[in-house]
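A short worksheet on the structure shown next.
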Amino acid sequence: MTKLIVWGAVIILAALAIDRLLLWIESRGWVYWRRNRPARGASTYHMLELHSNFDPGIQHILDATVKEEEDEDESGDPPAA
């Protein structure tokens, strides 16, 4: 019974240590763990970029997305939520 309690405590302490390590790594900006959410849509853009290597016809979607972002930047309006 004592071994079970010791192993349980070791597992809990290891989990807490890993959590603290990942929070420190997140504060350095290397990985998302719990506090900072990545920008929405960023991964979609990168997947489209990767997909355009295999399907050149999708390039017009990427061009339109970049054009829309440039137009929003030039208009001076705040970004739509």
Legend entry - Approximate spin-label separation Asp71-Leu23, in nm, with each point projected 7 Å along Cα-to-Cβ: 4.5 nm
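Test of understanding: what is the full-extension gain from Arg35 to Trp7, defined as 0.36 nm times their sequence separation minus their Cα-Cα distance? Spell out each step's value before the answer.
Details: separation 28, 0.36 × 28 = 10.08 nm, distance 2.93 nm.
Between Arg35 and Trp7, full extension yields 7.1 nm more.
No value in this document is a laboratory result; all are computed from the given coordinates. What you are looking at is a predicted structure, and each value in this text was computed from that prediction instead of being measured. Note that each Cβ is placed from the backbone with ideal geometry, even for glycine, and that neighbours are counted across all protein chains shown.
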